[in-house]
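Below is one structure; the comments refer to it alone.
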Amino acid sequence: MATKPSIPKGTRDFMPQEMAKRNYIFNTIREVYELYGFRQIETPALENLSTLMGKYGDEGDKLLFKILNSGNFLNGVSQEDFNSESVGKLAARICEKGLRYDLTVPFARFVVQHRDDIKMPFRRYQIQPVWRADRPQKGRYREFYQCDADVVGSDSLLNEVELIEIIDEVFSRFGIRVDININNRKILAAIAEKIGAADKITAVTVAIDKLEKIGLEGVEKELLDEGISQEAVKDLEPIIALSGSNEEKIATMRKQFENSETGMKGIGEVEFVLGALKNSSLKNSVTFNLSLARGLNYYTGCIFEVKALDYAIGSITGGGRYDNLTGIFGMPGLSGVGISFGADRIYDVLNGLDLYPKEAKTGTQLLFVNFGGEKETAQCLTLAAQARRAGIRTEIYPDSAKMKKQMSYAADNNIPFVALIGEDEAKSGTVTLKNMERHEQNTLTPEEMISKIKESLS
């Protein structure tokens with residue numbers, strides 16, 4: 001008995017109608033990126049593990065998909081190695097490559113490798129899949145697309161301002177109401193210093209980043225488990241739970257960190273970005289959120305995260321400033337800042353809120369019925385070519401099947417218009433056009449048919 005085919009958990013197949021929706025997402029993001037002067041690149045799905053390991057923290061390293069070396073991957077590995085070496089060390093010997101975890105680290109590798117071929121500041125965007133060995137659940141996949149934009153070679157906070165404008169523009173075009181959260185890793189570093197846990201900044205940020213998932217008590221428990229004192233944890237509570245307007249939060253934090261150079265610098269950066277955005281006529285809110293941590297090690301300045309207001313799914317966009325990511329590849333001192341749209345989660349939000357425009361749900365726009373006659377077929381081919389030149393997505397049913405079957409095909413594939421050229425139409429040089437939504441039909445000239453379809457679809 002044949003085994004029923006399946007795909008790995010955390011991955012998905014996409015039907016044509018779903019791909020039409022996904023391409024609407026990609027094209028919208030691409031248009032906005034290019035509007036702001038970003039240029040597209042691509043990097044391979046496979047990267048050397050030496051490129052990926054150690055860039056995402058311990059938790060991130062555990063989620064890397066590692067690929068066995070080709071050929072005899074056990075060559076040179078003895079039974080003693082299996083018995084004595086740790087799993088990590090053994091994996092490092094038999095796996096030299098892995099699937100990319102995100103697009104940022106490969107981009108840093110790209111910048112260093114091609115440093116002589118690009119001009120700074122360099123503005124790139126990239127729309128490609130990434131892979132994470134995560135536990136699949138709602139809104140969390142093992143294979144998903146990221147849509148990244150980064151600027152490297154510039155320290156200016158105007159880059160942060162423009163990236164938030166891009167976020168606002170993209171979600172405005174989608175019709176998704178969002179809250180754009182902003183924080184700064186320098187502020188988080190100052191918080192860690194204030195509670196006497198400067199050496200445990202990673203543990204502090206990872207715990208704070210989970211505030212919405214596990215609540216304040218859960219965060220406090222994680223910090224206590226990391227060896228941070230009860231007193232220090234209690235000192236942290238009013239800071240991360242701070243409420244009020246952005247201006248009120250900034251004023252409070254200035255008092256809290258008036259003796260911290262790092263903290264004041266972080267507050268100043270957030271204040272500059274928020275101040276500049278007042279001139280941008282944003283359609284969505286921007287919130288200074290002290291609980292936002294973004295648990296990736298490479299962030300050093302402003303960080304961003306976006307949540308949909310009308311659909312619960314977690315973060316749908318994130319990013320931030322990284323001052324020395326390229327340093328790990330031998331090119332220190334090159335600052336960058338970037339964002340990443342989570343296309344798969346945006347797909348789910350648009351589906352859940354039914355926000356796709358009509359044209360994003362449609363593949364073929366015009367179907368010619370096949371009556372089987374030589375003269376009729378010839379005219380169908382001529383008019384189909386004419387319709388395509390006019391920008392109308394057109395197909396001819398390949399077989400002269402029963403009318404009911406051909407009409408059912410059009411209905412099942414959400415084709416809005418069906419053209420019929422029978423014996424009478426072939427003689428008169430006309431076409432009968434049926435509107436599948438309105439259930440009405442008219443006999444028209446080819447020019448009238450094209451005009452009517454384009455008017456309806458516009």
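Label zone of residue 198 (point 7 Å out along Cα→Cβ, amide N under 17 Å): in segment 235-259 this covers 257-259. Only Cα pairs under 8 Å and 6+ residues apart enter the sum, and on that basis the relative contact order of segment 363-457 stands at 29 percent. Calculated translational diffusion coefficient of segment 311-353 (20 °C, 1.002 mPa s; Stokes-Einstein with Kirkwood radius over alpha-carbon pairs) equals 173 µm²/s.
Packing order of peptides 420-426, 331-337, highest average first: 331-337, 420-426 (average count of other Cβ atoms within 10 Å over each peptide's residues). Sorting the segments 264-271, 306-313 by their mean number of nearby beta carbons within 10 angstrom, highest to lowest, gives 264-271, 306-313. Residues whose amide H comes within less than 5 Å of that of residue 145, counting only those at least five positions distant or on another chain, are 130, 343, 344 (H built at 1.01 Å from N in the peptide plane). Residue pairs exceeding 23 angstrom between C-alpha atoms, taken from 434/454; 21/404; 9/358; 186/255; 213/278; 200/221: 21/404; 9/358; 213/278.
In order along segment 409-423, the Karplus-derived 3J(HN,Hα) couplings, from 6.51 cos²θ - 1.76 cosθ + 1.60 at θ = phi - 60°, round to 4, 5, 5, 5, 9, 6, 7, x, 10, 10, 9, 10, 10, x, 4 Hz, and Gly and Pro are given as x. Relative contact order, whole percent, for segment 300-372 stands at 23, derived from Cα pairs under 8 Å and 6 or more residues apart. The Cα atoms of segment 336-458 define a convex hull whose projected area, averaged across directions, is 10.3 nm². With Cα atoms defining each centre, segment 183-231 and segment 404-458 are spaced 64 Å apart in the structure. Packing, as the average of other Cβ atoms within 10 Å across residues, places the peptides 401-413, 339-351, 373-385 in the order 339-351, 373-385, 401-413, highest first.
Using the Cα gyration tensor of segment 131-178, with a ≥ b ≥ c the square roots of its eigenvalues, what is the shape: rounded (a/c below 1.5), prolate (a/b larger than b/c) or oblate (neither)? It is oblate, given that a/c is not under 1.5 and a/b is not larger than b/c. Placing a label point 7 Å from the Cα of residue 138 along the Cα-to-Cβ line, the residues of segment 202-227 whose backbone N sits under 20 Å from it are 210-215.
Note down the relative contact order for the chain as a percent, whole number, built from C-alpha pairs under 8 angstrom at least six residues apart. Kindly include the intermediate steps, with their values, before the conclusion.
Details: 729 pairs, mean separation 72.1, N = 458.
Worked out over the chain, it gives 16 percent.
Residue separation of residue 225 and residue 359 scaled by 0.36 nm, minus their Cα-Cα distance, works out to 43.0 nm of gained length. Taking one quarter of the surface of the convex hull spanned by the alpha-carbon atoms of the chain gives a direction-averaged projected area of 30.7 nm².
Read the figures in this text as sums done on the coordinates, not as results from a lab. What you see is a predicted model; the values in this text were computed from it and never measured. Note that we place each Cβ from the backbone using ideal geometry, even for glycine, and neighbour counts take in every protein chain shown.
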